[in-house]
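No value in this document is a laboratory result; all are computed from the given coordinates. Nothing here was measured: the structure is a model prediction, and the numbers come from that model. Every residue, glycine among them, receives a Cβ derived from its backbone with ideal geometry; neighbour counts consider all protein chains shown.
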Amino acid sequence: MNKISLGLGAILSAALIGNVASAAEKTLTVASWAGPKHAMNSTFFPYYTKQLEECSGGSLSLKVEQGMAPAPALYDFVRDGAADMTWIVHGYTPGKFVTTKLAELPGIPGNAQSISTAYMKTYEKYFAALGEAKGVETLAVFTHGPGNFNTITPVNSYKDLEGMKIRVGGGVANDIGIALGIAGVNMPAPAVYEAVSSGVANGVMFPMETMAAFKIAEIAKYTLTNPDGNYTTSFGLLLNSETYSGLSQEHRDCFDKNSGVDLATVIGGFWDIADDVGMEGALAEGVKITEANAAERAYYTEKTAHIEAKIIAEIDALGVNGAEALAYFKSEIK
């Protein structure tokens, strides 16, 4: 009887241990708004999932789901707990984010990695304490690479854009469109291909990666670039706060380890690779790429100069020295 009892006890203990191990395993749902071939879905999230799995010994993982909610709704969607994680375009939710506009200003040169790294440092130093993103943990803020003007008809000068129906993505891009006399059309990125191909818009403000990711090279054959920086777009990688607080300490430590400046740098690197892929696709599709000359760059700077002061004033109103934050941000771009 003693042997039988011991045997049953061992079996029961093993079963209980197995149940505890099973309960400790966690797979979080990521609501992603872009298609499966986009760099965030095809390269970053697989990378990030692997990092979390390795950190946790395989007990923490991610599952990316597309189509759970429209892109402009995803901040509220994750804040309210309908999904655990997402990545958002801050400009898609006007009125909720102000400091994020700093990273979108015209006249900031650099690639996605250099800007994203500097942006995350600036966020941690100046903006994190403001708590603009409610009900979520901001794992990283980052930007895409240099934004361009992509049109269906030839554009050799910023003056050629005046009166054109161009899709703008919210945030500072809206201010730039107004400054240049563009007839701005607002819509989330996934809707752009249909809008341009159907004539609702004559072009789009987009970075080079979209030439492949959103097939823009098929419909917009002219691209105007600027070495000084036309604009960028601010993104956030967000985790629901209740999800985070409900994790085991081990799993919270894994997120803490895989967040911040290092993570923003990694994400920016993936976007730069995507820009290279987009450039290859654009050239293969016969897209004509025009780099603004010195006179055009001076014109663009003049037309958009007032935007910087506007954004600095908005940040000042939150109790943060906007000019100081901008100077720090620019100084950190390598």
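Data for the structure
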| quantity | calculated |
| --- | --- |
| Kirkwood hydrodynamic radius of the stretch 191-334, from inverse mean 1/r over distinct Cα pairs, in Å | 18.7 Å |
| Beta bridges per DSSP with both ends in the chain, % antiparallel, nearest 5 | 50 percent |
| Estimated FRET transfer efficiency (K50, D316; beta-carbon r; R0 51 Å; 0.05) | 0.75 |
| The stretch 52-66 - phi-based ³J(HN,Hα) in whole Hz, Karplus 6.51/-1.76/1.60, Gly and Pro as x | 5, 5, 5, 5, 9, x, x, 8, 10, 9, 10, 10, 8, 10, 10 |
| Those residues of the stretch 111-154 whose amide nitrogen sits under 16 Å from the label point placed on K334, 7 Å along Cα→Cβ | 111-122 |
| For the stretch 221-231, 3J(HN,Hα) per residue [Karplus equation, 6.51 cos²θ - 1.76 cosθ + 1.60, θ = phi - 60°, Hz, x = Gly/Pro] | 9, 9, 10, 10, 10, 8, x, 6, x, 6, 5 |
| Förster-model FRET efficiency, 30 Å R0, E132 and E250, C-beta, rounded to 0.05 | 0.55 |
| Overall dimensions of the stretch 107-213 by Cα: Rg and Dmax, Å | 15.9, 46 |
| FRET efficiency, I178 to A284 (Cβ-Cβ, R0 30 Å, nearest 0.05) | 0.30 |
| With Cα atoms, 0 to 90° folded angle of helix 261-284 axis to the chain main axis | 50 degrees |
| Percent of beta bridges antiparallel (DSSP, the stretch 146-226, rounded to nearest 5) | 55 percent |
| Debye log10 I(q)/I(0) at q = 0.14 Å⁻¹ for the stretch 151-254, Cα point scatterers | -0.58 |
| Value at 222 nm in deg cm²/dmol, rounded to 500, when DSSP H runs of n ≥ 4 in the chain each add -39,500 (n - 2.57) | -13500 deg cm²/dmol |
| Most fluctuating residue given options A24, A292, A212, as computed from a GNM of the chain linking Cα atoms under 10 Å | A24 |
| Order of T49, T99 under a 10 Å beta carbon neighbour criterion, fewest first | T49, T99 |
| Summed side-chain charge close to I88 - residues other than I88 whose Cβ falls under 11 Å, Lys, Arg +1, Asp, Glu -1 | +1 |
| Rel. contact order, % - alpha carbon contacts under 8 angstrom, at least six apart, the chain | 25 percent |
| Gain on full stretching of the segment that runs from Q66 to N156 - 0.36 nm per residue minus C-alpha separation | 28.6 nm |
